[in-house]
Amino acid sequence: MNKAKVLIGLLLVFLHFNFTACEDEPVDPALLVPDPEIPTCAKPSALQVSDIAGGSVTVAWTAAEGAAWEIQYGLDGFTPGEGTSVSATTTTKTITGLTATNTYDFYVRTLCDNGVFSNWTGPVNPGSSITTCQSPTNFTALRSITDTTKVNLLWNANGDEIGWEIQYGETDFALGTGTTIPSTTTTKSITGLSATLGYDFYVRSNCSGTENSVWIGPVHVNAAP
């Protein structure tokens with residue numbers, strides 16, 4: 001009986017020592033791996049979706065960072081993760097195969113450098129947009145009479161901008177594939193154009209380093225007579 005008591009006492013001392021030792025041991029930093037699902041980059045802004053035309057829409061957004069994105073869409077009210085996903089490497093994408101009589105929701109998110117995604121931006125329905133940065137108004141483009149290789153642009157500010165961006169290209173170019181230039185004033189002259197080609201022009205406001213308005217345009221300029 002005494003031997004049993006001694007053995008039980010030794011066992012309790014052994015267990016106490018081991019649990020205390022484990023609590024006092026430092027944690028291996030290699031075991032402290034961040035949750036791979038936590039976003040590590042910023043989500044896009046200024047998401048806009050065109051009206052459905054011929055069963056397709058154009059989805060456009062402003063990149064906060066990154067060079068690849070995922071668009072997800074489905075019928076109005078769907079839960080992200082259960083929709084149809086489309087990859088993009090430019091900030092515009094045409095989605096086809098839609099039904100004009102249906103109502104859809106669209107989302108977009110950034111593919112971060114470490115292979116995970118940002119939070120979703122959305123939902124946005126066709127014909128609407130998400131933005132708190134106000135677009136320019138009264139945007140015009142006129143080819144110079146004295147120099148037909150130059151087009152003069154003019155627009156009105158709305159008060160919250162820190163600058164603007166202009167994008168242009170030959171007639172019917174896809175937004176996101178044109179030439180983009182900044183402006184710090186509400187006028188800009190585009191030079192070095194071809195007098196024999198027509199061009200389309202867009203402009204948008206820059207309200208911060210990551211927030212822009214939707215693009216306004218296209219404003220078309222014909223080839224010189």
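The values are calculated or read from the model by the stated rules, or taken from the named source; none is laboratory data. Owing to the predicted nature of the structure, the values given are computational and were not obtained by experimental measurement. Surface accessibility is based on the protein's heavy atoms, side chains included, excluding ligands, DNA and RNA. Shrake-Rupley method; radii C 1.70, N 1.55, O 1.52, S 1.80 Å.
Brief remarks follow.
- Three semi-axes of the equivalent ellipsoid, the range 32-181, Cα gyration tensor, whole Å, largest first: 31, 20, 14
- Å² of accessible area per residue within the range 38-131, as computed with a 1.4 Å probe and no ligands counted: 47
- Centroid-to-centroid, using Cα positions, the range 65-114 and the range 136-154 are 35 Å apart.
- The range 57-201 - percent of accessible surface contributed by carbon and sulfur, probe 1.4 Å: 48
- Ordered from largest to smallest accessible area (heavy atoms of protein chains, 1.4 Å probe), the residues ASP160, ASP105 come out as ASP160, ASP105.
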